[in-house]
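Every number here is computed from the coordinates shown, using simple stated rules; none is lab data. Small disclaimer: the values here were computed from a predicted structure and weren't measured. Every residue, glycine as well, gets a Cβ built from its backbone with ideal geometry; the counts of neighbours run over all protein chains shown.
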Amino acid sequence: MAKEDLFSKLNIKDYNNQLENVLENKSFSEGTKNILLNILYKIETAYDDYKKVKVNVDLKKEILEEIIKIIEENCSKIEIVKPTLNGETNLGDKKYIVEKEDKKIVSYPNEKNVFYALNHLKENRFILDSKYTILKDPMEKLLNQGYIIDKEETIRDFDGWTWNILSNDIENHIYNLIYQNIKILFGNDFLKNAIEYNQTLDFITEIEDKINGIADENKEFDISKLIYQIAILENVKNSEEKKDNVLQKRELIEEELKEIENKKEYLQKIADIKKQIGKEIKAIDEKLNNNKLLRETFIEENKFLKAEERIFSLSEYCEILQEKRENLLKQLDEYSNLMKPMNFVKKKTEISKKYELLNEINFDINPNEETYRLAVTLQNKFMKLLSEKFKNIESKKEIIEYIYLFRYYKLIYINNKKQIKDIEELQEEIRKTEKHLITKACKLKAMNILCQDIEKNYELVSKILSYNIIELEDVSLEFKKHDKNIVLTIYDDDTIEDSIIYDGSEELNVKFNKKMKLFN
């Protein structure tokens, strides 16, 4: 980490020069150019705190290089607008507008909004295989929006001095939450690889394999279905057309499921389709092996085609027939495989999963309520899966990183008002997970034991870890007796963060009236 920080600091001037070279070829105003240069400065200033707090982040140089590349390749025009005396602008109730086709953004004159807009200019980073029919659009939207919100955090919540989570500036709390779930569980490199390899990496399969890898295929930890359901619901909640489309798909899948559950009729239907395909292949073969018949059908079929659609020559007609024959042979092979017992079971399972996925979503209630319900259920399973990962912690460095990660996770907003730590239904799982981390940290001697009573020790440390202190290693504690109570003063370096008064009957493992570190 130290080498990366040093490298970035030595090269920030180079990035400024690189951006200035890019800006020489842009017709931006001087004020706009200053805003863009200030964005690099703000990233540089905030990065160390951002990395410390979040742990799972891109290298500083990667963040700087990406934003310069977006300005160079994806941005042709930036229009800066200022509110009039009555507060009106052509932005309406928005803070910025992005016009991807024209490579243009319109924004208020501040670094944060311009940075947000620039991140939205770039085309989709995540692209899923088209075979994921009902998941492709919802999951692509979730991942791409989550990625952008994740990048915006660099200068949204950090200013080089403080960490202040700005809930109102998070563009979609649910997309951010799920993206952070994936990032915390599987790591930043997993998401970077998905972008780099694009469709060559089967992202959905990778997610499910990684979940199974952590939990040994225990269904209790199957969180992928909940992620997909939330993605689908978020994708349709502001569009009746999209919602109707999903409901129609659910009906078709239900019909397909009923059909395949009647095995005898289903297999007979496939056999009938195979017979029909066989007849079509035979008819093509007869044409290709009989020049007179071939010519007659060529002339006859051309009669019914529009002038621009007519087949140019007999040889072209032969190619069309050959291509059709090959496609029919592929279909015949696919239907033959479907009739095999193992493949039949696999197909039935796939259809059942698709139906279950859509049928468990309640589309009849307020979509925000249903999303919240699914998100809370997901977080319970997420923390159980995270606890499985924690079992493999073996070093001080690792346990401290996970303490930072879990603290960061608890402070993620699930909606505009509530953070994970505030959700009543999650308290038991939060307590279990955090208690496990604190106990492990004490065993590894990464953290000082404040109280011999495990429960009281957990309560004290958990309270300390709830503050937005950037460097937990800088936290100092001072215990003082006051009548029958004890006053705990918490310091961030030399600054008092807070004081806590509590019952002094517990046996503490500290020296009174003397500062001590929380971490060793």
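Suppose each label sits 7 Å from its Cα in the direction of the beta carbon; what would the LYS61-LYS264 distance come out to in nanometres?
Going from the LYS61 label point to the LYS264 one covers 7.0 nm.
Among 305-316, 43-54, 184-195, 492-503, how do they line up by average Cβ neighbours within 10 Å per residue, starting with the highest?
Top to bottom by mean Cβ count within 10 Å: 43-54, 184-195, 492-503, 305-316.
Note the angle between two axes, namely the Cα long axis of helix 240-261 and the longest principal axis of the Cα atoms of the chain, as a number of degrees from 0 to 90, rounded to the nearest 10.
60 degrees
Which value, in debye to the nearest 20, describes the size of the charge dipole of the stretch 187-336 about its Cα centre when Lys and Arg Cβ atoms bear +1, Asp and Glu Cβ atoms bear -1, and nothing else is charged?
Around 720 debye, computed over the stretch 187-336.
Against the longest principal axis of the chain, how steep is helix 291-303, in degrees 0 to 90 to the nearest 10, with axes from Cα atoms?
Helix 291-303 and the main axis of the chain meet at about 70 degrees.
Within 10 Å, count the other beta carbons around each residue, average over each peptide in 202-213, 56-67, and list them highest first.
Going from most to least packed, we get 56-67, 202-213.
Between SER76 and LEU37, what FRET efficiency comes out of the Förster formula 1/(1 + (r/R0)^6) with R0 = 22 Å and r the beta carbon distance, rounded to 0.05?
That gives a FRET efficiency of 0.75.
Which whole-Hz ³J(HN,Hα) couplings does the stretch 329-345 yield from phi under the Karplus relation 6.51 cos²θ - 1.76 cosθ + 1.60, θ = phi - 60°, glycine and proline marked x?
5, 5, 4, 4, 5, 5, 5, 5, 5, 4, 7, 6, x, 5, 6, 4, 4
Could you give the length gained on full extension between ALA271 and SER499, defined as 0.36 nm per residue of separation minus the Cα-Cα distance, in nm?
Roughly 74.4 nm would be gained on extension.
So if we plug the beta-carbon distance of ASN343 and ASP93 into 1/(1 + (r/R0)^6) with R0 = 60 Å, what FRET efficiency do we get, rounded to 0.05?
Efficiency for this residue pair is about 0.65.
Hey, what angle do you get for helix 188-197 against the long axis of the chain, alpha-carbon based, 0 to 90 degrees rounded to 10?
30 degrees
Considering the zone a paramagnetic label at GLU507 would reach in this model (a point 7 Å from Cα along the Cα-to-Cβ line), which residues of the stretch 434-458 have amide N under 12 Å from it?
451-454, by backbone N distance to the label point.
Compute the FRET efficiency between GLU388 and ASN110 as 1/(1 + (r/R0)^6), taking r as their Cβ-Cβ distance and R0 = 35 Å, and round to the nearest 0.05.
It comes to 0.25.
Measuring from label point to label point, each 7 Å out along Cα→Cβ, what is the ASP474 to ASN289 span in nm?
8.5 nm
Multiplying the sequence separation of GLU206 and ASN520 by 0.36 nm and subtracting their Cα-Cα distance, what value in nm do you get?
109.3 nm
Against the empirical 2.2 N^0.38 Å scaling, what ratio does the C-alpha Rg of the chain come to?
1.26
Can you work out the base-10 log of I(q)/I(0) for the stretch 448-520 at q = 0.14, 0.20, 0.27 1/Å, using the Debye formula on its C-alpha atoms alone?
Taken in order of the listed q values, log10 I(q)/I(0) reads -0.38, -0.81, -1.51.
In whole angstrom, note down how far apart the Cα centers of the stretch 276-355 and the stretch 396-455 are.
Their Cα centres are 61 Å away from one another.
So between ASN416 and LYS463, what do we pick up on full extension, going 0.36 nm a residue minus the alpha carbon distance?
Once the chain is fully extended between ASN416 and LYS463, it gains 14.6 nm.
Give me the percent relative contact order of the chain, please, defined on Cα pairs under 8 angstrom at least 6 residues apart.
Dividing the mean separation by the residue count of the chain yields 12 percent.
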